[in-house]
1. Please state which of the following conditions A:VAL63 fails to meet, knowing it meets all the rest: (1) surrounded by fewer than 23 Cβ atoms within 10 Å (Cβ to Cβ); (2) more than 13 Å from every other protein chain (Cβ to nearest Cβ).
2. Given (1) within 13 Å of another protein chain (Cβ to nearest Cβ); (2) in contact with a strand residue (DSSP E or B) (Cβ under 7 Å, 6 or more places away or on another chain), identify the lone condition not met by B:GLU208.
3. Checking B:ARG131 against (1) within 24 Å of B:ARG278 (Cα to Cα); (2) away from chain A (no Cβ under 14 Å), only one condition comes out false. Which one?
4. Here's a check for you: in region B:4-17, which residue that is touching a residue at least 60 places away in the same chain (Cβ under 8 Å) and touching a Phe, Trp or Tyr at 6+ places or on another chain (Cβ under 9 Å) is nearest to the other protein chains (Cβ to nearest Cβ)?
5. Show the residue pairs meeting these rules: Cβ distance below 7 Å; 6+ apart or different chains; first residue within region B:53-70 and closer than 16 Å to B:ARG39 by Cα; second residue buried (at least 22 other Cβ atoms within 10 Å of the Cβ) and polar (S, T, N, Q).
6. Residues that are modelled with pLDDT of 95 or more: which strands (runs of 3 or more DSSP E) entirely in region B:223-329 hold 3 or more of them?
7. Among A:PHE79, A:PHE127, A:PHE44, which is the only one that is at the interface with another protein chain (Cβ under 9 Å from one of its Cβ atoms) and either among the aromatic types (Phe, Trp, Tyr) or farther than 30 Å from B:ALA226 by Cα (or both)?
Amino acid sequence: MKRSQPQTKRSQAQAGAPPLTPFLLAGLALRPVPPALLQPFLTFSMRAIERRHPSLFERLSGVEEPEFLIDPTDLPFAFLLSIDPLLPTLTAYTDAEGLEPTATIRGPLMTLVHLLEGRIDGDAMFFSRDLVIEGDTEAVVALRNAVDGAEIDVVEDVLAFLGPLGSPARIAFQVGAAIFSRAATDMETLRSALIAPALKRSEAQAAELKDLEDKVAGLSQEPRRGRRRMPVKKTKKTDTE
Amino acid sequence: MSATMELVCPAGTPASLRAAVDAGADAVYVGFRDETNARNFPGLNFSRGELADGVAYAHDRNVKVLVAINTFPKAGNPGPWMKAVDDAHEIGADAVILADIGVADYAARNHADLRRHLSVQASASNPEAIRFYAEAFGIKRVVLPRVLTVAEIAALNTQIPVETEVFVFGGLCVMAEGRCSLSSYITGISPNKEGVCSPASHVRYEEEGDVLVTKLGECTVNRFSAGEPAGYPTLCKGRFLVKGKPQYLFEEPTSLSVIHMLPELAEAGVTALKIEGRQRGRAYVAQVVAAFRKALDAVATGEPVSAEELATVTEGRRETAGVYKRDWR
């Protein structure tokens, strides 16, 4: 099985800027946090999903125990998803260099979460270039289909797995979601303000370009209008024509 | 004018089937998880148990389930195709969609009560061919290849004794369906026998800076520059160097969409409208089916079809009316 060569967070940043999202800011704050601290939560989430969606791993049975590097572009972490049918695992890494995943899937965190939950279409995200795929495409397609068919709801799955603690956790989540929603709106406002000058310049350049194109189109038509027709020499029609 | 055209929708998983039913499908078409159907993609399609559950879900809501068994059996091994017909019948599917004449004959002889549709994979586009399938195998409906104008479909409908079903949205195969060997030539895997065009096992996506390079086997299919919408890695929509210039030889990455032509299709006597995309996610299924349900309801009451925004889910983020409006002729 061909292995993909994951880009490190540094080289990924060179390839394209991450989106301005609350996760980007949260990620900066989380940067000093060792990934090992995230591990209990990741393991807990995997057990919750595994228990609630056994068909997900059954659909992946045709692919030979693949490992996927899930790389949110707005987080300082990447996650290695290992599809061991007996014990699937999700592990966080700050540096993916040295890993040899079967395939890498890269995009903004919310895009990846929405994909996981089947809220958006993976092909559409690929067409729009919001999603980058590297490595074994067959494994990625199998994962996409398996995940899409599983009807995962990350929050509901984890809350259901918490049992009696689910209710207070739900309230905490709702408060967090409201804060996130406000933060996302604020970030969008900030993003608009930051790119406004560049956007204005870009619009001015586009108008200038359109003007030039119109002038060139006009110039290319002018000689045709002014061109004098050459007299056609009449020849005698023959029977063979 | 018939205003009650049937909306036939794709489902690659049980979740997509439920999404299609809930969004307003009249019928859902599916395939078993093997090479007997033309969307034999990894992780996709239905086990026998999943199909039984799906049929129950759909029938409870008065929606039909059609099973595509629309690839051609390999020489000497027709067993899986016949078993698929047997299982579809036993599970209670409303129809099977067939392409191979041997499989059609088997279904007609062994399950006369199982409705038979002719797949687009059979590429039957003239009255003589369609009448043959109707007379020989009791075919009740033909899924027309995407090679006919609306006027030609209207004329065809006056000459054949069966219903017609036409594609109205989704991936656009520009070749003679069921007979294309482009993908086989590069990969050695046949869309018509193994059920997968441009198999994912042979597809590679490579990022070269801001450029996305798509490859099928050793063949570069396309290079998408920064920000340029991407398409599937199929050779028929590849951009190749012709006299040093990159050009699309057959078709550009684009999807079929004729949501605004539904009244014309109804006028042409079309019975059913097919949405392509069993390989797509359930979000696509829900969005596209809901848009067409709304459009069909508008047509039925004589209201104008509203401009639904479906461009976000189209290949290359572009759409075309394809051959239905043959403007280039």
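1. For A:VAL63, the exception is condition (2).
2. So B:GLU208 meets the others, but not (2).
3. Every condition holds for B:ARG131 apart from (1).
4. Looking only at region B:4-17, we keep the residues that are touching a residue at least 60 places away in the same chain (Cβ under 8 Å), and these are B:4-13, B:15-16.
Still in the running and touching a Phe, Trp or Tyr at 6+ places or on another chain (Cβ under 9 Å): B:7-13, B:16.
Working: B:LEU7: 19, B:VAL8: 19, B:CYS9: 14, B:PRO10: 12, B:ALA11: 10, B:GLY12: 6, B:THR13: 3, B:SER16: 7 Å.
That would be B:THR13.
5. Once the first residue is closer than 16 Å to B:ARG39 by Cα and sits in region B:53-70, its partners that are buried (at least 22 other Cβ atoms within 10 Å of the Cβ) and polar (S, T, N, Q) give B:ALA68/B:ASN37; B:ALA68/B:SER119; B:ILE69/B:THR36; B:ILE69/B:ASN37; B:ASN70/B:ASN37; B:ASN70/B:SER119; B:ASN70/B:GLN121.
6. On the way: elements: B:239-242, B:245-248, B:255-257, B:272-275.
Ranges flagged: B:272-275.
7. Working: A:PHE79 fails: at the interface with another protein chain (Cβ under 9 Å from one of its Cβ atoms); A:PHE44 fails: at the interface with another protein chain (Cβ under 9 Å from one of its Cβ atoms).
After applying the criteria, what remains is A:PHE127.
Residue-wise test of (1) of a type in the set (Asp, Glu); (2) in contact with a Leu (Cβ under 7 Å, 6 or more places away or on another chain); (3) more than 18 Å from A:GLU134 (Cβ to Cβ).
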site: B:PHE169; (1), (2), (3): no, yes, yes
site: B:GLY188; (1), (2), (3): no, no, yes
site: B:VAL203; (1), (2), (3): no, yes, no
site: B:GLU207; (1), (2), (3): yes, no, no
site: B:GLU228; (1), (2), (3): yes, no, yes
site: B:TYR232; (1), (2), (3): no, no, no
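The values are calculated or read from the model by the stated rules, or taken from the named source; none is laboratory data. Here the structure is a predicted model, which means the values were calculated and not measured. All Cβ positions, glycine included, derive from the backbone under ideal geometry; neighbour counts span all protein chains shown.
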